[in-house]
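The values are calculated or read from the model by the stated rules, or taken from the named source; none is laboratory data. Quick caveat: nothing in here was measured; it's all calculated off a predicted structure. For neighbour counting, all protein chains shown are included, and Cβ atoms are generated from backbone atoms with ideal geometry for every residue, glycine included. Ligands, DNA and RNA are stripped out before the accessible areas are found, and what is left, the full protein with its side chains, is counted by its heavy atoms. Shrake-Rupley method; radii C 1.70, N 1.55, O 1.52, S 1.80 Å.
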Amino acid sequence: MNTIAIVGRPNVGKSTLFNRIMGRDVAIHAAEPGVTRDRLYGKADWSGRFFTVIDTGGIVPDSEELFDVAIREQAAMAIDEAQSIIFVCDGRTGITAIDEEIARLLLRSGKHVTMAVNKMDDPKHDMSAYEFASLGLGEPFGFSALSGRSIGEMLDSAIEPFPANEEEIEDERLKIAIVGRPNVGKSSLCNALLGHERTIVTPIAGTTRDAIDSILKYYGEEIVLIDTAGLRRRSRIQENVEMFSTFRTQRAIERCDVAVVVVDAIQGLDMQDKRIINDVVDARKGIIIAINKWDAVEKDHKTAENLTKQIHSEMKTVDYAPTLFISALSKQRITKVPEMAKDIQMRRKQRIPTGKLNDKLLEDISRTPPPSVKGHDLRINYITQTGTEPPLFIFFSNFPESIPEAYKRFLENKLREHLDLTGIPISFLFRSKNKREED
């Protein structure tokens, strides 16, 4: 696909430009340098051309700091992937030694480069942008990523290598979000599935701050992997950037089909893991509980079974969530992740025939009818499925508002007994039987 990479040294406004092109805040941007660490992808269009935009971390050529080295590697990968490069510089500070080093790198790449001089908020500053022509990358475009001023001409240059697209195709690929608390191995799992270092992995918790999309090729099918920042308890969020990362993770859950909740096998299930699982369930997404670092656990033939029972015992309302014991480090059973996610998504899309629902459930309801409430003899007359992704079932009753929560749980258990709904949160609505007659 047509791809543009945004590159430059730290704190020149790359993420602000990325968000401007996206039309919304996708990348985290802050006054401090080094906020964007991984490659961040987004889909956009301009003048009839659809393309992918890659935001990258700030390049510091000579630094041997752990993050700086990793960011340089990520930026180099982005440059290699892209057909067009937007090289962002800071018009207020002028050309720096780092700008000159990056310019030499881009000249050697042979890619189409747009020289973009940011922070030109006032037309009277435009003349100073021409200083950057000395970098040898063509005509500089003065613009303001913050206000959007003069961004159009710069984008016209950036899309020059791309043929015009007739229309954008709706993305129907399976989307899997890798979520969990910090330092449980989410990025390691993502990288192991992809077979290369897609996201920066270090022993430092919180390395990944944005939600990052990657494409996994699985038996000829493309699957979108969304690696996310580690979720922390709100009381432990010390900086604005980490708060924004939490919001991005919540958004990743919202736009995925299936969420893989990664749990540390050594530390076990804690309150934060439970909250993340509940977030996935509340969003009504498919769910897999992946117990990572399984290779580091002393175990016997019953350890996995006992841990699964413990998880389901502590989270009784999510006992339909499958557990998968993996090691991102040794790649043990990691291929089960996309395989299981595909099965779960297939079940999320299935529609159960109304006749089958009523044949199975009305018999159970007849044997165990709902209790009387406030003198009302409660009856459930009919069941139908009206939605998928997630499955939505409607129960028609004479007093729908009086059905006790415990009986709703009973109905869900019976439904799961008769149907394969592993890994799928389901939704119920209770409506008046007269409403069905009106429909």
query = Out of all the residues in the stretch 235-245, is one or more open to solvent by less than 60 Å² (accessible area, probe 1.4 Å) and at pLDDT 70 or above?
reply = no
Residue check, Gly13 at pLDDT 85 or above, farther than 21 Å from Phe143 by Cα and out of contact with any His (no Cβ under 6 Å at 6 or more places or on another chain) = no
inquiry  = Can you find, within the stretch 369-385, the residue that is farthest from the chain's Cα centre (by Cα) among those that are within 9 Å of Ser402 (Cα to Cα) and assigned to a strand (DSSP E or B)?
reply    = His376
query = Given the structure, is Thr96 β-branched (Val, Ile, Thr) and either open to solvent by 30 Å² or more (accessible area, probe 1.4 Å) or farther than 19 Å from Ile79 by Cβ (or both)?
reply = yes
remark   = When every residue in the stretch 256-280 that is of a type in the set (Gly, Ala, Ser) and either farther than 19 Å from Ala296 by Cα or out of contact with any strand residue (DSSP E or B) (no Cβ under 8 Å at 6 or more places or on another chain) (or both) is compared, the one surrounded by the most Cβ atoms within 10 Å (Cβ to Cβ) is Ala259
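This table checks each residue for (1) out of contact with any Phe, Trp or Tyr (no Cβ under 9 Å at 6 or more places or on another chain); (2) at pLDDT 90 or above; (3) assigned to a loop (DSSP other than H, G, I, E, B).
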| position | (1), (2), (3) |
| --- | --- |
| Ile85 | yes, yes, no |
| Arg108 | yes, no, no |
| Ala116 | no, yes, no |
| Asp121 | yes, no, yes |
| Glu166 | yes, no, yes |
| Asp171 | yes, no, yes |
| Ile178 | yes, yes, no |
| Asn183 | yes, no, yes |
query = Just one of the numbered conditions (1) surrounded by 14 or more Cβ atoms within 10 Å (Cβ to Cβ); (2) more than 15 Å from Lys356 (Cβ to Cβ); (3) among the hydroxyl-bearing types (Ser, Thr, Tyr) is not true of Ser427; which one?
reply = (1)
message = Quick check on Thr422: is it in a strand (DSSP E or B), of a type outside the set (Lys, Arg), closer than 27 Å to Asp257 by Cβ and open to solvent by less than 80 Å² (accessible area, probe 1.4 Å)?
response = no
query = Which of (1) open to solvent by 50 Å² or more (accessible area, probe 1.4 Å); (2) not in a helix (DSSP H, G or I) does Lys360 not meet, given it meets every other one?
reply = (2)
ask   = Just to be sure, is Glu389 touching a residue at least 12 places away in the same chain (Cβ under 8 Å), in a helix (DSSP H, G or I) and open to solvent by 50 Å² or more (accessible area, probe 1.4 Å)?
value = no
